[in-house]
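J.: Dropping the structure in here first, questions after.
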Amino acid sequence: MHVLILTACLAASPGVCAPRLLPGGLGDTAAACEARGDSVAADWIAGHPGLVAQGWTCAPLSDAPVLAVTETAPGIHVHRGADAALSPDNRGGIANLSFVVGTERVAVIDPGGTREQGDALFAAIRRATPLPLGPVILTHMHPDHIAGAEVFAEAGAEIIGDARLPAALAARRATWMESIPAQIGAQAWLGTVLVDPTRLVDAPATFDLGGRSLRLNPVPRAHTDGDLTVRDDLTGTLFTGDLVFRGLTPVVDGSLKGWLAWLAQPAQPGPVVPGHGPVAPALDRAAADEIRYLTALRGAVRAALDAGQGLSQAVPAIVAAMTPQRAGWADFDATTARNAAAAYAEMEWD
Ligand SMILES: [Zn+2]
(Lines give C-alpha, C1' and ligand atoms only; values in the text may rest on other atoms or scores of the structure.)
Protein backbone atom coordinates (compact mmCIF):
# COMPACT_ATOMS: atom_id res chain seq x y z
CA MET A 1 0.00 0.00 0.00
CA HIS A 2 1.20 3.51 -0.84
CA VAL A 3 0.24 6.72 0.91
CA LEU A 4 0.24 10.28 -0.36
CA ILE A 5 2.39 12.57 1.76
CA LEU A 6 2.12 16.28 1.15
CA THR A 7 4.64 18.79 2.44
CA ALA A 8 2.52 21.66 3.75
CA CYS A 9 3.93 25.02 4.90
CA LEU A 10 2.45 27.99 6.73
CA ALA A 11 1.79 30.70 4.14
CA ALA A 12 2.72 33.32 6.73
CA SER A 13 5.99 31.55 7.72
CA PRO A 14 7.12 29.53 4.69
CA GLY A 15 9.99 27.98 6.66
CA VAL A 16 7.51 26.15 8.91
CA CYS A 17 6.59 22.99 7.02
CA ALA A 18 5.49 19.47 7.89
CA PRO A 19 4.52 16.27 6.07
CA ARG A 20 0.82 15.43 6.13
CA LEU A 21 -0.71 12.12 5.12
CA LEU A 22 -3.67 12.50 2.73
CA PRO A 23 -5.91 9.40 2.75
CA GLY A 24 -7.44 10.39 -0.60
CA GLY A 25 -4.20 9.28 -2.22
CA LEU A 26 -4.10 5.75 -0.72
CA GLY A 27 -3.32 3.21 -3.43
CA ASP A 28 -2.22 -0.37 -3.82
CA THR A 29 0.71 0.80 -5.95
CA ALA A 30 2.81 3.93 -6.21
CA ALA A 31 1.29 4.56 -9.66
CA ALA A 32 -2.28 4.43 -8.30
CA CYS A 33 -1.32 6.95 -5.62
CA GLU A 34 0.56 9.20 -8.04
CA ALA A 35 -2.34 9.31 -10.49
CA ARG A 36 -4.42 11.09 -7.83
CA GLY A 37 -1.64 13.10 -6.18
CA ASP A 38 -2.12 16.45 -7.87
CA SER A 39 -5.87 16.63 -7.46
CA VAL A 40 -5.96 15.30 -3.88
CA ALA A 41 -3.16 17.66 -2.80
CA ALA A 42 -4.81 20.68 -4.48
CA ASP A 43 -8.19 19.89 -2.88
CA TRP A 44 -6.63 19.49 0.55
CA ILE A 45 -4.72 22.78 0.35
CA ALA A 46 -7.89 24.53 -0.85
CA GLY A 47 -9.63 23.25 2.29
CA HIS A 48 -6.85 24.44 4.62
CA PRO A 49 -6.56 28.22 4.40
CA GLY A 50 -3.21 29.56 5.54
CA LEU A 51 -1.25 26.60 4.16
CA VAL A 52 0.68 26.25 0.93
CA ALA A 53 1.96 23.05 -0.70
CA GLN A 54 5.62 22.37 -1.23
CA GLY A 55 5.32 19.17 -3.22
CA TRP A 56 4.03 15.68 -2.50
CA THR A 57 5.27 12.13 -2.76
CA CYS A 58 3.78 8.64 -2.79
CA ALA A 59 5.60 6.46 -0.28
CA PRO A 60 5.19 2.89 0.90
CA LEU A 61 3.06 2.73 4.05
CA SER A 62 6.12 1.43 5.92
CA ASP A 63 7.83 4.81 5.34
CA ALA A 64 5.03 6.89 6.91
CA PRO A 65 5.49 8.04 10.53
CA VAL A 66 3.65 5.59 12.74
CA LEU A 67 2.38 5.81 16.30
CA ALA A 68 3.60 3.17 18.78
CA VAL A 69 0.74 1.01 20.04
CA THR A 70 0.47 -1.96 22.41
CA GLU A 71 -2.14 -4.72 22.15
CA THR A 72 -3.50 -4.70 25.71
CA ALA A 73 -6.18 -7.35 25.05
CA PRO A 74 -7.09 -9.27 21.88
CA GLY A 75 -7.77 -6.67 19.18
CA ILE A 76 -7.40 -3.70 21.57
CA HIS A 77 -4.48 -1.47 20.58
CA VAL A 78 -3.52 1.44 22.81
CA HIS A 79 -1.08 4.29 22.28
CA ARG A 80 0.09 5.68 25.63
CA GLY A 81 0.30 9.45 25.76
CA ALA A 82 3.05 11.34 27.57
CA ASP A 83 2.07 11.92 31.23
CA ALA A 84 2.60 15.67 31.02
CA ALA A 85 0.99 18.97 30.15
CA LEU A 86 1.13 20.05 26.48
CA SER A 87 4.67 21.07 25.50
CA PRO A 88 6.98 21.33 22.49
CA ASP A 89 8.59 18.07 23.67
CA ASN A 90 5.43 16.00 23.42
CA ARG A 91 4.04 17.87 20.36
CA GLY A 92 0.51 17.53 21.74
CA GLY A 93 0.73 13.76 22.18
CA ILE A 94 -0.41 13.46 25.79
CA ALA A 95 -3.68 11.46 25.61
CA ASN A 96 -4.14 7.73 25.28
CA LEU A 97 -5.47 6.77 21.83
CA SER A 98 -6.94 3.39 20.94
CA PHE A 99 -8.27 1.28 18.12
CA VAL A 100 -10.34 -1.89 18.32
CA VAL A 101 -10.25 -4.48 15.55
CA GLY A 102 -13.33 -6.60 14.82
CA THR A 103 -13.78 -9.14 12.05
CA GLU A 104 -15.43 -6.61 9.74
CA ARG A 105 -14.20 -3.16 10.69
CA VAL A 106 -11.91 -1.24 13.01
CA ALA A 107 -13.03 1.48 15.41
CA VAL A 108 -10.99 4.34 16.81
CA ILE A 109 -11.40 5.77 20.30
CA ASP A 110 -9.86 9.23 20.36
CA PRO A 111 -7.99 10.04 17.13
CA GLY A 112 -5.14 12.15 18.50
CA GLY A 113 -4.01 15.55 19.71
CA THR A 114 -2.94 16.99 16.35
CA ARG A 115 -3.25 16.23 12.65
CA GLU A 116 0.29 14.90 12.87
CA GLN A 117 -0.73 12.40 15.55
CA GLY A 118 -3.92 11.46 13.70
CA ASP A 119 -1.84 10.74 10.59
CA ALA A 120 0.52 8.50 12.59
CA LEU A 121 -2.43 6.70 14.23
CA PHE A 122 -4.00 6.21 10.79
CA ALA A 123 -0.71 4.68 9.57
CA ALA A 124 -0.58 2.40 12.65
CA ILE A 125 -4.10 1.16 11.93
CA ARG A 126 -3.36 0.57 8.25
CA ARG A 127 -0.28 -1.42 9.22
CA ALA A 128 -2.30 -3.52 11.68
CA THR A 129 -5.34 -4.33 9.53
CA PRO A 130 -6.76 -3.78 6.02
CA LEU A 131 -10.34 -3.71 7.39
CA PRO A 132 -12.49 -0.67 6.66
CA LEU A 133 -12.77 2.06 9.25
CA GLY A 134 -15.79 1.87 11.50
CA PRO A 135 -16.74 4.60 13.97
CA VAL A 136 -14.15 7.12 15.15
CA ILE A 137 -15.38 7.94 18.65
CA LEU A 138 -14.55 11.24 20.37
CA THR A 139 -14.70 10.66 24.14
CA HIS A 140 -15.06 14.39 24.84
CA MET A 141 -14.24 17.87 23.55
CA HIS A 142 -10.62 18.27 24.64
CA PRO A 143 -8.25 18.71 21.69
CA ASP A 144 -5.51 16.44 23.08
CA HIS A 145 -7.98 13.60 22.40
CA ILE A 146 -9.78 14.66 19.23
CA ALA A 147 -7.75 17.16 17.17
CA GLY A 148 -6.49 14.31 14.97
CA ALA A 149 -10.00 13.46 13.72
CA GLU A 150 -9.83 15.16 10.35
CA VAL A 151 -7.57 12.58 8.69
CA PHE A 152 -10.19 9.92 9.53
CA ALA A 153 -13.00 12.11 8.19
CA GLU A 154 -11.02 12.47 4.96
CA ALA A 155 -10.72 8.67 4.88
CA GLY A 156 -14.53 8.46 4.95
CA ALA A 157 -15.02 7.38 8.56
CA GLU A 158 -18.02 8.37 10.60
CA ILE A 159 -16.95 10.66 13.46
CA ILE A 160 -19.08 10.00 16.55
CA GLY A 161 -19.45 12.50 19.36
CA ASP A 162 -21.76 13.36 22.20
CA ALA A 163 -24.68 15.60 21.25
CA ARG A 164 -23.28 18.29 23.59
CA LEU A 165 -19.89 18.34 21.85
CA PRO A 166 -20.49 20.65 18.84
CA ALA A 167 -21.68 23.57 20.99
CA ALA A 168 -18.76 23.10 23.40
CA LEU A 169 -16.28 23.03 20.52
CA ALA A 170 -17.87 26.05 18.87
CA ALA A 171 -17.43 28.06 22.07
CA ARG A 172 -13.74 27.13 22.41
CA ARG A 173 -12.43 26.41 18.90
CA ALA A 174 -11.02 29.87 18.15
CA THR A 175 -9.22 30.03 21.52
CA TRP A 176 -7.72 26.58 21.11
CA MET A 177 -6.60 27.25 17.52
CA GLU A 178 -4.43 30.04 18.99
CA SER A 179 -3.42 28.65 22.38
CA ILE A 180 -2.39 25.12 21.42
CA PRO A 181 0.22 25.99 18.76
CA ALA A 182 1.61 28.47 21.31
CA GLN A 183 2.02 25.54 23.74
CA ILE A 184 3.32 22.82 21.40
CA GLY A 185 4.78 24.75 18.45
CA ALA A 186 3.31 25.86 15.13
CA GLN A 187 4.95 23.02 13.22
CA ALA A 188 3.46 20.31 15.47
CA TRP A 189 -0.01 21.87 15.05
CA LEU A 190 0.30 22.57 11.33
CA GLY A 191 -2.74 21.47 9.33
CA THR A 192 -4.84 20.68 12.41
CA VAL A 193 -8.55 21.43 12.19
CA LEU A 194 -11.02 20.79 15.03
CA VAL A 195 -13.77 19.05 13.07
CA ASP A 196 -17.28 18.39 14.32
CA PRO A 197 -18.65 14.88 14.66
CA THR A 198 -20.62 13.63 11.66
CA ARG A 199 -22.98 11.70 13.94
CA LEU A 200 -24.16 12.65 17.41
CA VAL A 201 -25.32 10.39 20.22
CA ASP A 202 -27.54 11.50 23.11
CA ALA A 203 -28.37 8.02 24.44
CA PRO A 204 -26.52 4.71 24.78
CA ALA A 205 -25.59 3.30 21.38
CA THR A 206 -23.99 0.08 20.12
CA PHE A 207 -21.56 -0.25 17.21
CA ASP A 208 -21.01 -3.71 15.73
CA LEU A 209 -17.45 -4.30 14.54
CA GLY A 210 -18.03 -7.95 13.54
CA GLY A 211 -17.45 -10.50 16.31
CA ARG A 212 -17.50 -7.78 18.93
CA SER A 213 -19.38 -4.59 19.60
CA LEU A 214 -18.71 -1.31 21.33
CA ARG A 215 -21.27 0.21 23.68
CA LEU A 216 -21.22 4.01 24.00
CA ASN A 217 -22.63 5.66 27.09
CA PRO A 218 -23.09 9.42 27.41
CA VAL A 219 -22.25 10.58 30.93
CA PRO A 220 -23.93 13.50 32.76
CA ARG A 221 -21.65 16.54 33.28
CA ALA A 222 -18.44 15.27 34.94
CA HIS A 223 -14.89 15.78 33.58
CA THR A 224 -16.58 17.92 30.88
CA ASP A 225 -20.14 18.47 29.75
CA GLY A 226 -20.07 15.84 27.02
CA ASP A 227 -18.12 12.79 28.20
CA LEU A 228 -18.69 9.37 26.62
CA THR A 229 -17.51 5.98 27.83
CA VAL A 230 -16.97 3.03 25.49
CA ARG A 231 -17.07 -0.63 26.49
CA ASP A 232 -15.86 -3.51 24.34
CA ASP A 233 -18.16 -6.48 24.93
CA LEU A 234 -15.57 -9.09 23.91
CA THR A 235 -12.87 -8.26 26.45
CA GLY A 236 -14.86 -6.11 28.89
CA THR A 237 -12.38 -3.27 28.32
CA LEU A 238 -13.78 0.11 29.39
CA PHE A 239 -12.43 3.23 27.67
CA THR A 240 -13.16 6.05 30.06
CA GLY A 241 -11.67 9.02 28.21
CA ASP A 242 -10.73 11.61 30.82
CA LEU A 243 -13.22 10.35 33.38
CA VAL A 244 -10.10 8.57 34.61
CA PHE A 245 -6.71 10.29 34.87
CA ARG A 246 -3.67 8.41 36.12
CA GLY A 247 -0.33 10.17 36.60
CA LEU A 248 -1.44 13.45 35.02
CA THR A 249 -3.41 15.71 37.38
CA PRO A 250 -7.18 15.45 36.74
CA VAL A 251 -8.68 18.53 35.05
CA VAL A 252 -12.11 19.68 36.24
CA ASP A 253 -13.80 21.25 33.22
CA GLY A 254 -17.37 20.12 33.90
CA SER A 255 -18.64 19.32 37.38
CA LEU A 256 -16.61 18.11 40.34
CA LYS A 257 -19.76 16.82 41.99
CA GLY A 258 -20.93 15.09 38.82
CA TRP A 259 -17.52 13.52 38.35
CA LEU A 260 -17.44 12.15 41.92
CA ALA A 261 -20.99 10.84 41.40
CA TRP A 262 -19.89 8.97 38.26
CA LEU A 263 -16.90 7.54 40.12
CA ALA A 264 -19.16 6.36 42.96
CA GLN A 265 -21.25 4.16 40.66
CA PRO A 266 -20.73 0.40 40.94
CA ALA A 267 -18.22 -0.71 38.31
CA GLN A 268 -18.45 -3.66 35.97
CA PRO A 269 -15.39 -5.91 35.94
CA GLY A 270 -12.85 -5.51 33.16
CA PRO A 271 -9.71 -3.62 32.23
CA VAL A 272 -9.73 0.15 31.99
CA VAL A 273 -8.02 2.31 29.39
CA PRO A 274 -7.88 5.75 31.05
CA GLY A 275 -7.61 9.04 29.17
CA HIS A 276 -4.12 9.52 30.57
CA GLY A 277 -1.81 7.03 32.26
CA PRO A 278 -1.36 3.27 32.20
CA VAL A 279 -4.05 0.69 31.49
CA ALA A 280 -5.40 -0.86 34.70
CA PRO A 281 -7.00 -4.26 35.36
CA ALA A 282 -10.14 -2.78 36.94
CA LEU A 283 -11.89 0.55 37.47
CA ASP A 284 -11.44 0.69 41.26
CA ARG A 285 -7.70 0.31 40.82
CA ALA A 286 -7.58 2.76 37.89
CA ALA A 287 -9.52 5.48 39.68
CA ALA A 288 -8.31 5.16 43.30
CA ASP A 289 -5.78 8.02 43.13
CA GLU A 290 -8.16 10.25 41.19
CA ILE A 291 -10.98 9.67 43.71
CA ARG A 292 -8.60 10.63 46.51
CA TYR A 293 -7.56 13.81 44.65
CA LEU A 294 -11.09 14.90 43.73
CA THR A 295 -12.45 14.14 47.21
CA ALA A 296 -9.66 16.20 48.78
CA LEU A 297 -10.40 19.02 46.32
CA ARG A 298 -14.07 19.00 47.27
CA GLY A 299 -13.13 19.13 50.95
CA ALA A 300 -10.67 21.99 50.46
CA VAL A 301 -13.19 24.02 48.46
CA ARG A 302 -15.89 23.39 51.05
CA ALA A 303 -13.52 24.57 53.82
CA ALA A 304 -12.67 27.77 51.90
CA LEU A 305 -16.36 28.51 51.34
CA ASP A 306 -17.21 27.77 54.98
CA ALA A 307 -14.44 30.19 56.02
CA GLY A 308 -16.07 32.89 53.90
CA GLN A 309 -13.06 33.30 51.62
CA GLY A 310 -13.52 35.11 48.32
CA LEU A 311 -12.17 33.50 45.14
CA SER A 312 -8.81 35.30 45.19
CA GLN A 313 -8.12 34.17 48.76
CA ALA A 314 -9.65 30.75 48.28
CA VAL A 315 -7.56 29.56 45.33
CA PRO A 316 -4.16 29.74 47.07
CA ALA A 317 -5.72 28.34 50.26
CA ILE A 318 -7.18 25.39 48.35
CA VAL A 319 -3.87 24.75 46.56
CA ALA A 320 -2.06 24.80 49.92
CA ALA A 321 -4.62 22.43 51.44
CA MET A 322 -4.11 20.08 48.46
CA THR A 323 -0.32 19.90 48.88
CA PRO A 324 -0.42 16.51 50.68
CA GLN A 325 -1.98 15.08 47.48
CA ARG A 326 0.90 16.25 45.30
CA ALA A 327 2.98 13.06 45.00
CA GLY A 328 2.59 11.13 41.77
CA TRP A 329 0.72 13.80 39.80
CA ALA A 330 2.32 15.59 36.83
CA ASP A 331 1.46 19.29 36.33
CA PHE A 332 -0.03 19.39 39.83
CA ASP A 333 0.33 23.08 40.76
CA ALA A 334 -1.03 24.75 37.62
CA THR A 335 -3.91 22.30 37.16
CA THR A 336 -4.87 22.32 40.84
CA ALA A 337 -5.09 26.13 40.84
CA ARG A 338 -7.45 26.01 37.83
CA ASN A 339 -9.45 23.19 39.43
CA ALA A 340 -9.76 25.19 42.64
CA ALA A 341 -11.30 28.11 40.76
CA ALA A 342 -13.65 25.85 38.76
CA ALA A 343 -14.82 23.90 41.80
CA TYR A 344 -15.24 27.11 43.84
CA ALA A 345 -17.51 28.54 41.14
CA GLU A 346 -19.53 25.34 41.06
CA MET A 347 -19.89 24.89 44.83
CA GLU A 348 -20.40 28.55 45.71
CA TRP A 349 -24.14 28.21 45.01
CA ASP A 350 -24.74 25.01 46.99
ZN1 LIG B 1 -10.05 15.99 28.88
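J.: Please report the projected area of the range 88-166's Cα convex hull averaged over all directions, in nm².
T.: Numbers: hull surface 20.3 nm².
Its average projected convex-hull area is 5.1 nm².
J.: Along Cα→Cβ, 7 Å out, is where each label goes; now give me the distance between the ones at Ala337 and Asp233 in nm to one decimal.
T.: 4.9
J.: Explain nothing, just the number: relative contact order of the range 94-135, from Cα pairs under 8 Å at least 6 residues apart, as a whole percent.
T.: Values: 46 pairs, mean separation 17.5, N = 42.
Taking the mean separation of contacting Cα pairs over the length of the range 94-135, I get 42 percent.
J.: Using the C-alpha atoms of the range 269-346, what convex hull volume per residue, in cubic angstrom, is computed? Provide the component values of the computation, followed by the final result.
T.: Numbers: hull volume 7.5 nm³, N = 78.
For the range 269-346, the hull spanned by Cα atoms encloses 96 Å³ per residue.
J.: Once the mean 1/r over all distinct Cα pairs of the range 30-73 is inverted, what Kirkwood radius in angstroms do you read off?
T.: Numbers: mean 1/r = 0.0776 Å⁻¹.
For the range 30-73, the Kirkwood estimate is 12.9 Å.
J.: Separate question: Can you work out ³J(HN,Hα) from phi for every residue in the range 226-232, in order, using Karplus 6.51 cos²θ - 1.76 cosθ + 1.60 and θ = phi - 60°, giving whole Hz and x for Gly and Pro?
T.: So the Karplus estimates, Gly and Pro as x, are x, 7, 10, 9, 9, 10, 8 Hz.
J.: Would you calculate, for the chain, the mean residue ellipticity at 222 nm contributed by helices, counting each DSSP H stretch of 4 or more residues as -39,500 (n - 2.57) and dividing by all residues, to the nearest 500? Mind showing how you got there, number by number?
T.: Values: 10 runs with 125 residues, N = 350.
Calculated mean residue ellipticity at 222 nm is -11000 deg cm²/dmol.
J.: Mean shadow of the chain, computed from the convex hull of its alpha carbons, in nm²?
T.: On the way: hull surface 69.4 nm².
So the mean shadow area of the Cα hull is 17.3 nm².
J.: Taking loop as defined by DSSP and a crowding limit of 13 other beta carbons within 10 Å, which GluC sites (Glu not before Pro) in the range 251-350 fit?
T.: Working: sites: Glu290, Glu346, Glu348; in loops: Glu348.
Answer by residue number: Glu348.
J.: Right, something else. Within the chain, which complete DSSP H helices have Cα atoms spanning at least 27 Å along the helix axis and a mean Kyte-Doolittle hydropathy of -1.0 or higher?
T.: Details: long enough: 283-306 (33 Å, 0.09).
Span-like helices here: 283-306.
J.: A further question follows. Using R₀ = 30 Å, calculate the FRET efficiency as 1/(1 + (r/R₀)^6) where r is the Cβ-Cβ separation of Asp196 and Leu311; round to 0.05.
T.: Numbers: r = 34 Å, r/R0 = 1.12.
Working from the Cβ atoms, E equals 0.35.
J.: Moving on to the next point. Using a 1.4 angstrom probe on heavy atoms only, work out the carbon and sulfur share of the accessible area of the range 236-350 in %.
T.: Values: 2770 of 4880 Å².
Solvent-exposed carbon and sulfur of the range 236-350 make up 57 percent of the total.
J.: Still on this model: Report the accessible area of Thr103, computed with a 1.4 Å probe over the heavy atoms of all protein chains in place, in Å² rounded to the nearest 10.
T.: About 100 Å², rounded to the nearest 10.
J.: Right, something else. For Gly210, what residues show an amide H to amide H distance below 5 Å, using hydrogens built from the backbone and excluding near sequence neighbours?
T.: Distant-sequence amide H within range of Gly210: Thr103, Glu104.
J.: Find the relative contact order for the chain and round it to a whole percent, using C-alpha pairs within less than 8 Å whose residues are 6+ positions apart.
T.: Numbers: 786 pairs, mean separation 44.9, N = 350.
Relative CO of the chain lands at 13 percent.
J.: May I pose another question? Convert each backbone phi in the range 142-147 into a coupling constant with the Karplus relation 6.51 cos²θ - 1.76 cosθ + 1.60 (shift: θ = phi - 60°), then list the ³J(HN,Hα) values in order as whole Hz, x for Gly and Pro.
T.: 5, x, 4, 9, 10, 5
J.: Could I ask something else about it? With each label point set 7 Å from Cα along the Cα-Cβ vector, what nm distance links Asp284 and Asp28?
T.: 5.4
J.: Just the number, please: carbon plus sulfur as a percent of the accessible area of the range 179-232, 1.4 Å probe, no ligands or DNA/RNA counted. Could the numbers behind the result be given before it?
T.: Details: 980 of 1980 Å².
Ligands and nucleic acids excluded, carbon and sulfur give 50 percent.
J.: Further question on the same structure: Heavy atoms only, probe 1.4 angstrom, no DNA, RNA or ligands counted: give me Thr335, Thr206 ranked by accessible area, highest first.
T.: Numbers: Thr335 5, Thr206 80 Å².
These residues rank, largest area first, as Thr206, Thr335.
J.: Counting only residues 5 or more places away or on other chains, whose amide H sits under 5 Å from the amide H of Asp162 once H atoms are built in the peptide plane?
T.: Excluding prolines and chain starts, which carry no amide H, the hits are Val201.
J.: Further, regarding this structure: Using only the alpha carbons of the range 1-87, determine the length spanned along each of the three principal axes and report them from longest to shortest in whole angstroms.
T.: Here the spans come out as 41, 36, 19 Å, largest first.
J.: For the chain, what is the accessible area per residue in Å² when the probe is 1.4 Å? The partial results should precede the final answer.
T.: On the way: 13800 Å² over 350 residues.
Value for the chain: 39 Å² per residue.
J.: Sort Ile291, Ile76, Ile45 by accessible area with a 1.4 Å probe, largest first. Walk me through the numbers before you get to the answer.
T.: On the way: Ile291 60, Ile76 0, Ile45 35 Å².
Correct descending sequence by accessible area is Ile291, Ile45, Ile76.
J.: Separation of the range 36-89 and the range 258-275 by C-alpha centroid, Å?
T.: 31
J.: Can I ask one more? Can you list residues whose amide H is under 5 Å from Leu243's amide H, if they're 5+ apart or on another chain and H is modeled 1.01 Å from N?
T.: Residues meeting the amide H criterion: Gly275.
J.: Provide the FRET efficiency to the nearest 0.05 for the Glu104-Asn217 pair, computing r from the beta carbons and using R0 = 25 Å. Don't skip to the answer; put the middle values down first.
T.: Details: r = 23 Å, r/R0 = 0.90.
Rounded to the nearest 0.05, the efficiency is 0.65.
J.: Can you pull the one-decimal nm distance between simple spin-label points at Glu71 and Ser13, each 7 Å off the Cα toward Cβ?
T.: With each label point 7 Å from Cα toward Cβ, the separation is 4.1 nm.
J.: Let me ask something else. Using a 1.4 Å probe on the protein chains only, how many percent of the accessible area of the range 38-88 belongs to carbon and sulfur? Display every interim value, and only then the final one.
T.: Numbers: 1560 of 2650 Å².
Solvent-exposed carbon and sulfur of the range 38-88 make up 59 percent of the total.
J.: I want the local charge near Asp196. Using Cβ-Cβ distances under 13 Å, sum +1 for each Lys or Arg and -1 for each Asp or Glu among the other residues. Each step should come with its number before you reach the end.
T.: Working: positive: Arg164, Arg172, Arg173, Arg199; negative: Glu150, Glu158, Asp162.
With Lys, Arg at +1 and Asp, Glu at -1, the neighbours total +1.
J.: Between beta-carbons, use under 10 Å as the cut-off and find the net charge around Leu216, counting Lys and Arg +1, Asp and Glu -1. The partial results should precede the final answer.
T.: Numbers: positive: Arg215, Arg231; negative: Asp162.
Overall, the nearby charge balance is +1.
The values are calculated or read from the model by the stated rules, or taken from the named source; none is laboratory data. As the structure is a computational prediction, the values presented were derived from the model and not from experiment. Please note: Cβ atoms are built from the backbone with ideal geometry, for glycine as well, and neighbour counts cover all protein chains shown. When the accessible area is computed, the model is the full protein with side chains, heavy atoms only, and any ligands, DNA or RNA have been set aside. Shrake-Rupley method; radii C 1.70, N 1.55, O 1.52, S 1.80 Å.
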